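Data block below; observations after.
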Amino acid sequence: MTLFSLLLVLGWERLFKMGEHWQFDHHLAGIFRRRHKYSLVRTLMMTLAAMAVVLACLLALKGLFFGVLQLLFWIAVGLLCIGAGSVRLHYHAYLKAASRNDQDTHQAMAEELSLIHGLPVECDEREYLCALQNALLWINFRYYLAPLFWFVVGGPWGPVLLVGYAFLRAWQSWLARHHSPLERSQSGVDAVLHVVDWLPVRLVGVAYALLGHGERALPAWFASLTDRHTPQYQVLTRLAQFSLARDPHTDKVETPRVAVALAKKVSLVMVVVVALLTIYGTLV
């Protein structure tokens, strides 16, 4: 069921998911808007509550109509949590503005794409574009690769873990957009995601290391296995930049396109790995 649901979700997302209608983050906005106190305990309680609702739905649908309703529920959860419909619109808007040399619009879109970690202020063009590449690579991880990981490793409870991850991702993005860095820090969401992202970052990092300069990337990957303190964003993007280092980082249209192409290649590799593991009976 996992592979079948995943392939349907990815196909639908690629063809039809544009905008916010099928975005879990968008539907959580009403809940987040009513939050005025921030703490790690509150963040964990909200996340566990969201996961409990999905678990209850799975148990209630189990065995009904030969499992068809449960399968549809899996697909619906996947569509809500996997994919970056609205972010893709911002990316295309950036490319259009950059190709027209519309400085204000393309900078505004770049800031939107780098909402979580930001872009350097005082830097040259190469550093700026490199940071934009990193932001796009992280978006691919946050909205595709990490959700895919939790959807798959959860087995029969994959939707539960997927919703938990998507809830944390949405909460972090909401705080980054609407609240101060202090309130975001008080919520503890960054610390929780640092722990949650540790394993999927290392697994995805293998793909980036093998697709890049292996003689340099693999030692960096092995070093990351014992690193518990470096932000996962830095671990992942450092490994990915070994693959992107050969590009000049001078064209504000082609430079982000190269990063997106690499991210799509890694996503395809991960889907193929899941398919092979499913065929050989390792996954359900």
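Details
- If you go through region 218-245 and keep only what is in a loop (DSSP other than H, G, I, E, B), among the polar types (S, T, N, Q) and modelled with pLDDT of 90 or more, you end up with just 230.
- Pair list, Cβ under 9 Å, 6 or more apart: region 182-193 residue over 20 Å from residue 228 (Cα atoms), other residue polar (S, T, N, Q) and outside any helix (DSSP H, G or I): 186/39; 187/39
- Filtered residues of region 194-219 (kept if crowded, with 17+ Cβ neighbours inside 10 Å, among the small types (Gly, Ala, Ser) and either without any contact (Cβ under 8 Å) to a residue 12 or more places away in the chain or farther than 18 Å from residue 230 by Cβ (or both)): 207, 212
- Failed item in (1) over 21 Å from residue 118 (Cβ atoms); (2) open to solvent by less than 60 Å² (accessible area, probe 1.4 Å), with residue 240 passing the rest: (1)
Residues are listed down the side, and each one gets a yes or a no for (1) farther than 28 Å from residue 175 by Cα; (2) touching a residue at least 40 places away in the same chain (Cβ under 8 Å); (3) touching a Phe, Trp or Tyr at 6+ places or on another chain (Cβ under 8 Å):
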| site | (1), (2), (3) |
| --- | --- |
| 27 | no, yes, no |
| 32 | no, yes, yes |
| 46 | no, yes, yes |
| 66 | yes, no, no |
| 69 | yes, no, no |
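- In this structure, residue 115 does not qualify as closer than 23 Å to residue 235 by Cβ, within 22 Å of the chain's Cα centre (by Cα) and modelled with pLDDT of 90 or more.
- Test for residue 148: is it surrounded by fewer than 16 Cβ atoms within 10 Å (Cβ to Cβ), in contact (Cβ under 8 Å) with a residue 40 or more places away in the chain and of a type in the set (A, V, I, L, M): no
- Answer residue from region 121-136, given it is open to solvent by less than 30 Å² (accessible area, probe 1.4 Å) and free of Cβ contacts under 8 Å to residues at least 60 places away in the same chain and is farthest from the chain's Cα centre (by Cα) among those: 131
- When 246, 257 are checked against the criterion of being loosely packed, with under 14 Cβ neighbours inside 10 Å and within 17 Å of residue 134 (Cα to Cα), 246 stands alone in meeting it.
The values are calculated or read from the model by the stated rules, or taken from the named source; none is laboratory data. Predicted, not measured: the structure shown is a model, and the values here were computed from it. Using ideal geometry, Cβ is built from the backbone for each residue, glycine included, and neighbour counts are taken over all protein chains shown. Heavy atoms of the whole protein, side chains included, go into the accessibility calculation; ligands, DNA and RNA do not. Shrake-Rupley method; radii C 1.70, N 1.55, O 1.52, S 1.80 Å.
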